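S.K.: Pasting in a structure now, in structure tokens, and then I'll have a few things to ask.
The values are calculated or read from the model by the stated rules, or taken from the named source; none is laboratory data. It should be emphasised that the depicted structure is a prediction, and the values quoted were computed from it without experimental measurement. All Cβ positions, even for glycine, are placed from backbone atoms using ideal geometry, and neighbour counts span all protein chains on display. When the accessible area is computed, the model is the full protein with side chains, heavy atoms only, and any ligands, DNA or RNA have been set aside. Shrake-Rupley method; radii C 1.70, N 1.55, O 1.52, S 1.80 Å.
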Amino acid sequence: AVVSTQSTGARQLNAEIYSDSGNHASMIAGINNSRMPKYIFRHNDKEHLEELLSKGDPGRAKIVAFESVYSMTGTIAPISEMCDIAHAYNALTFVDEVHAVGLYGHTGAGFAEEKHCGHKIDIVSGTLGKAYGLMGGYIASSGSLVDVVRSYGSGLIFTTSMPPSTAAGAVASINVLAAEEGRDLRRRHRQSYTLLRNKLVSEGFPVMRCPSHIVPVHIGDALRARQAMELLYLRHQIYVQAINYPTVPRGSELLRFVATPYHTPAMMEYLLSALDDVWSQLHLPRHL
């Protein structure tokens, strides 16, 4: 959905694209596939975005593309302010909510819903994987823009339709997370990831501070990140993914943790003990 929308939309509009430097691989692929002029602004830097927009072609369509929650670092975009800047230069806004849908907002619609600024977004993309537990993706926008993607987006035209069982599961999952049960899960989720972050910080692990549910622990070396992942699994039966280049810049390698509503304080204590062992085995630094 992301790749087809960005490549097709930008190409059909003959648009310049302004992309956050932290955007994930699917967004980058869509932007590159469009073959339209692109300008990269520093991560979440509103002033740099405005500087680039001010230098753009005033007679050409523009798209500002960014994420709401960034999956590797856990940072959150200033959605409302970014949209205001984009619209001041007559640019469309494309906001990717794949790491936020189901987890934020009164009905689980994403971080824009939580911050009451969804009306400022021209195109929003999301996923039926991750929080919803299935597969597939979607966009929401004006009828005319969605028709453009339907008519010209090869990623949609030449893709097999979603199986009815998956569609039914998606509807059921969306309904659960939009209702009171979902709100209770989100409250418990927030308590869980906040507790995990606080425990890691209190024990002196190099936690990258961020306001979202993603809890990144800095290592800074690809080999040692891989070794830490393997030790956690082989010695303690804990699986956590090491994140290396090109997903993050070299020197920013990390372990990424996400606590669920079902992770208990006892489980977190076991994780802390396991991390303590791994950090000692590999002589990893305790602070950023």
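S.K.: Which one is surrounded by the most Cβ atoms within 10 Å (Cβ to Cβ), of the residues in the range 30-62 that are hydroxyl-bearing (Ser, Thr, Tyr) and within 14 Å of Ala86 (Cβ to Cβ)?
M.R.: Pass one, the range 30-62, residues hydroxyl-bearing (Ser, Thr, Tyr): 34, 39, 54.
After this cut, where a residue has to be within 14 Å of Ala86 (Cβ to Cβ) as well, the list is 39, 54.
Values: Tyr39: 17, Ser54: 11.
Out of the qualifying residues, it is Tyr39.
S.K.: Let me ask you something else. Can you find even one residue in the range 171-187 that is closer than 23 Å to Thr75 by Cβ, surrounded by fewer than 16 Cβ atoms within 10 Å (Cβ to Cβ) and in contact with a Pro (Cβ under 9 Å, 6 or more places away or on another chain)?
M.R.: Yes: one or more hits.
S.K.: Regarding the range 74-84, can at least one residue be identified that is open to solvent by 40 Å² or more (accessible area, probe 1.4 Å) and either in a loop (DSSP other than H, G, I, E, B) or farther than 18 Å from Ala10 by Cβ (or both)? Full working, then the answer.
M.R.: Going through the range 74-84, the residues open to solvent by 40 Å² or more (accessible area, probe 1.4 Å) turn out to be 81, 84.
Among the residues that remain, those that are also either in a loop (DSSP other than H, G, I, E, B) or farther than 18 Å from Ala10 by Cβ (or both) are: 81, 84.
Yes; the residues of the range 74-84 include at least one that is open to solvent by 40 Å² or more (accessible area, probe 1.4 Å) and either in a loop (DSSP other than H, G, I, E, B) or farther than 18 Å from Ala10 by Cβ (or both).
S.K.: Now a separate question. May I ask you to list the residues in the range 224-254 that are free of Cβ contacts under 8 Å to residues at least 40 places away in the same chain and either aromatic (Phe, Trp, Tyr) or under 16 Å from Ser280 (Cα atoms) (or both)?
M.R.: Ala225, Arg226, Met229, Glu230, Tyr233, Leu234, Tyr239, Tyr245
S.K.: Determine the pairs where a residue that is within 20 Å of Gln191 (Cβ to Cβ) and open to solvent by 10 Å² or more (accessible area, probe 1.4 Å), located within the range 101-113, has a partner that is modelled with pLDDT of 95 or more and basic (Lys, Arg) with Cβ atoms under 8 Å apart, the partner being 6 or more residues away or on another chain.
M.R.: Pairs found: Leu103/Arg186; His106/Arg183.
Each row is one residue, and each column tells you yes or no for (1) surrounded by 15 or more Cβ atoms within 10 Å (Cβ to Cβ); (2) in contact with a strand residue (DSSP E or B) (Cβ under 8 Å, 6 or more places away or on another chain); (3) under 30 Å from Glu181 (Cβ atoms).
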{"position": "Arg224", "(1), (2), (3)": "yes, no, no"}
{"position": "Ser252", "(1), (2), (3)": "yes, yes, no"}
{"position": "Pro265", "(1), (2), (3)": "no, no, yes"}
{"position": "Glu269", "(1), (2), (3)": "no, no, yes"}
{"position": "Asp276", "(1), (2), (3)": "no, no, no"}
{"position": "Ser280", "(1), (2), (3)": "no, no, no"}
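S.K.: Sort through Gly169, Gly220, Gly155 and tell me the only one that's closer than 24 Å to Arg256 by Cα and more than 19 Å from the chain's Cα centre (by Cα). Walk me through it before giving the result.
M.R.: Details: Gly169 fails: closer than 24 Å to Arg256 by Cα; Gly155 fails: closer than 24 Å to Arg256 by Cα.
The unique qualifying residue is Gly220.
S.K.: Okay, moving on. Can you find, within the range 226-243, the residue that is nearest to Gly102 (Cα to Cα) among those that are open to solvent by 50 Å² or more (accessible area, probe 1.4 Å) and either modelled with pLDDT of 95 or more or of a type in the set (A, V, I, L, M, F, W, C) (or both)? Break it down into steps so the answer makes sense when it comes.
M.R.: Our first condition is that a residue be open to solvent by 50 Å² or more (accessible area, probe 1.4 Å); within the range 226-243, this holds for 226-227, 230, 233-235, 237, 239, 241.
Of the ones still in play, those that are also either modelled with pLDDT of 95 or more or of a type in the set (A, V, I, L, M, F, W, C) (or both) are 226-227, 230, 233-235, 237, 239.
Working: Arg226: 30, Gln227: 33, Glu230: 31, Tyr233: 29, Leu234: 32, Arg235: 33, Gln237: 28, Tyr239: 23 Å.
Restricting to residues being open to solvent by 50 Å² or more (accessible area, probe 1.4 Å) and either modelled with pLDDT of 95 or more or of a type in the set (A, V, I, L, M, F, W, C) (or both), the top hit is Tyr239.
S.K.: Can you confirm whether the range 95-116 contains a residue that is at pLDDT 95 or above and more than 23 Å from the chain's Cα centre (by Cα)?
M.R.: The initial filter retains those residues of the range 95-116 that are at pLDDT 95 or above, namely 95-116.
Add one more test, that the residue is more than 23 Å from the chain's Cα centre (by Cα), and what stays is none.
No, that holds for no residue.
S.K.: Taking the condition of being hydrophobic (A, V, I, L, M, F, W, C) and under 17 Å from the mean Cα position of the chain (by Cα), how many residues in the range 52-91 meet it? Steps first, please.
M.R.: Looking only at the range 52-91, we keep the residues that are hydrophobic (A, V, I, L, M, F, W, C), and these are 52-53, 61, 63-66, 69, 72, 76-77, 79, 82-83, 85-86, 88, 91.
Filter once more, keeping what is under 17 Å from the mean Cα position of the chain (by Cα): 64-66, 69, 72, 76-77, 79, 82.
So the answer is 9.
S.K.: Another question, if that's okay. Return the total of residues in the range 14-29 being part of a helix (DSSP H, G or I), open to solvent by 60 Å² or more (accessible area, probe 1.4 Å) and either modelled with pLDDT under 90 or over 25 Å from Thr159 (Cα atoms) (or both).
M.R.: If we filter the range 14-29 for residues that are part of a helix (DSSP H, G or I), which is where we start, we get 25-29.
Retained after the next criterion (residues that are open to solvent by 60 Å² or more (accessible area, probe 1.4 Å)): 25, 28.
So of that shortlist, the ones also either modelled with pLDDT under 90 or over 25 Å from Thr159 (Cα atoms) (or both) come out as 25.
So the count comes out to 1.
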